[in-house]
Each structure stands twice: as C-alpha cells, then as structure tokens.
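Below is one structure; the comments refer to it alone.
Just so you know, all these numbers are worked out from the coordinates, no wet-lab data involved. Fair warning: this is a prediction, and the values are worked out from it, not measured in the lab. Positions of Cβ are backbone-derived with ideal geometry, glycine not excepted, and every protein chain shown enters the neighbour counts.
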C-alpha cells in the first residue's frame with residue numbers, strides 16, 4: 001500500500017481525523033474488514049524463520065452488530081521476512 005492509497009483510505013473511513021504519518025519503508029499496515037462490527041484484537045505471530053501470521057479475535061462477551069467493521073494495525077518490517085510464506089512488498 002502506498003502513502004497515497006493509505007491517505008485516501010484513512011480520509012474515507014476517518015474523515016474527521018488527521019492521517020497518521022507512517023514510514024512505509026520501515027513499517028507496513030494490516031487492514032482487516034468484517035461484515036459485522038465488533039471490537040477485534042490483531043496480533044502478528046513471528047516464527048523462527050521470520051514468517052508472520054495474523055491472528056484476529058473478538059473480545060469475549062461482545063455482541064456482533066450489523067454494519068461494517070475494520071481494524072488497522074501498524075507493524076515493523078524488520079521483524080518479518082515473509083507473511084503467510086509470501087514476500088512482503090518493499091512499499
């Protein structure tokens with residue numbers, strides 16, 4: 001995702017908030033969407049070989065609500081070599 005694409009997405013989903021400055025050469029953004037709105041926790045697990053996998057979970061006891069839900073998380077590129085056994089794009 002480019003800075004331009006991220007800025008457009010942020011402005012569409014959070015129009016009243018300032019777009020955060022992210023150095024995409026050092027970090028990458030994971031975006032998770034859902035057809036039901038809930039509070040989710042995102043975590044990236046890193047194996048010994050440097051491969052990452054994403055784990056998302058809903059907070060226990062919280063009910064799903066109709067609508068659109070999403071989560072954004074920023075992670076360091078240096079910690080991962082691949083994600084799901086696929087190379088992480090440089091930008």
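A few comments on the model shown:
- Estimated FRET transfer efficiency (residue 5, residue 48; beta-carbon r; R0 30 Å; 0.05): 0.40
- Label separation (residue 32 vs residue 73): 0.6 nm, computed from points 7 Å beyond Cα along the C-beta direction.
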